[in-house]
Amino acid sequence: MGAILTLVEPVVVINKLGTSFFDMALTQTVYNQSLKATAGDSDKAQALSSRFLLIQSVLSSVAAMLSIIPLSRLADRHGPKVFLVSSQMGSVLGMFMLVIFIYCEAPLELLYLGSLLHGLSGGGPMFWAGVAALASLSSKQGKRTLKLNIVDFCFGIAGVVGGLLSGYLYQMGPSVLLLTAILVNIVALLYTVFALTDTRRSLSESEPLLTESESGKMLDRVSIGMLMTAMMLFMLGVVGAENVLQLYVLKPPLSWDSVWAGYGRAATSAMYLSSFLGFLSLFSVLGDTALTLLGIVSNCTGMAIMAFAIESWVYFLDLVASNNCMK
């Protein structure tokens, strides 16, 4: 039982379920509000919604940058659980802003406050920093890459389930979906605070510290720098593209309702499952760099094809092809 409580995977699964529900509620609410503001013009509504999501993402990211130093100091004193607790508290507070917007008919700009609160509490970057730290601490040095891929696998399963359920919950009512999201995220927060154990592995003789010369031989700083640059550029493109794709499927020619949009989100999350299988089968053959390039190429190719999809089957067929190439 004690070993189970050191696993960070349950937090990732529960949190992803809640986030999937909230993302669906937020996207549908913002798009429907934009349709009202533009008198039903889907193109203008997409542009307005995209602008809103862009500003929201920037606010959250900038606020998260401001919280890095104080949260890092707290984590050094009390452990990486601080990252998880803080970011999840901000996530719950941000969700309540959407509740106020729906029930009090407040202006759409109120949701910017929710993004700001989420960012100041650490946001997604701090959450995943805590996840990576706890996953590393609970695994042996030689198995940490496998451990992180298992976390991604669990994240993908939760994304598939959350995507499939979110569309049907939205059909029951936006408030039902939103309140469910808040409840699930509160459960994740309570599990993190009261159940998750922060276990620190001490270095044993089988895991010696690397000397400066040994680490210099093992790590090529130039290659690492190039990989980090590629990752940042890739994330810039992926974050923007995902926001556009979520809105693209809601307007003609696809005109998906919440159920179909949930199917699309579930199919997208399935890439985390295929990436885990690809890692297990190809890591020993290709290595980190080749796998990274393969993932970037497959994602870019998939998003380019999706831009011209006018039938739902083309959209899902492209997701299947991208999944087979891994994320």
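The values are calculated or read from the model by the stated rules, or taken from the named source; none is laboratory data. These numbers come from a predicted model, not from an experiment. Virtual Cβ from ideal backbone geometry, glycine too; neighbours counted across all protein chains shown. These accessible areas exclude ligands, DNA and RNA; they are computed on the full protein's heavy atoms, side chains included. Shrake-Rupley method; radii C 1.70, N 1.55, O 1.52, S 1.80 Å.
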Along the charge dipole of the stretch 53-156, pointing to its positive end and built from +1/-1 on Cβ of Lys, Arg, Asp and Glu, which listed residue (Leu110, Gly130, Gly90) has its Cα farthest out?
Gly130
State in Å² the accessible area per residue of the stretch 74-161; use a 1.4 Å probe, count heavy atoms of protein chains only, and round to the nearest integer.
45 Å²
Taking the stretch 11-81, which trypsin sites (Lys or Arg not before Pro) meet the DSSP loop condition and have no more than 14 other C-beta atoms within 10 Å?
none
I need the phi-derived Karplus couplings for the stretch 151-167: 6.51 cos²θ - 1.76 cosθ + 1.60, θ = phi - 60°, integer Hz, Gly and Pro marked x.
4, 4, 4, 5, 4, x, 4, 4, x, 5, 5, x, x, 5, 7, 4, x
Taking 56 Å as R0, compute the FRET efficiency from the Cβ-Cβ separation of Ile305 and Arg77 and round it to 0.05.
0.70
If we sort 248-257, 23-32 on the protection proxy, mean other Cβ atoms within 10 Å, highest first, what's the order?
23-32, 248-257
Could you give each residue of the stretch 45-52 its phi-based ³J(HN,Hα) in whole Hz, using Karplus coefficients 6.51, -1.76, 1.60 with θ = phi - 60°, and x for Gly or Pro?
5, 5, 5, 5, 5, 4, 5, 5
If R0 is 35 Å, what FRET efficiency do you get for Leu282 and Ala39 from their C-beta distance, rounded to 0.05?
0.10
Once you charge only the Cβ atoms, +1 for Lys and Arg and -1 for Asp and Glu, what is the size of the charge dipole of the stretch 35-133 about its Cα centre, to the nearest 20 debye?
280 debye
Label model pair Gln171, Ser255: point-to-point distance (7 angstrom along the Cα→beta-carbon line) in nm is 1.8 nm
I need the phi-derived Karplus couplings for the stretch 6-12: 6.51 cos²θ - 1.76 cosθ + 1.60, θ = phi - 60°, integer Hz, Gly and Pro marked x.
8, 7, 8, 4, x, 5, 4
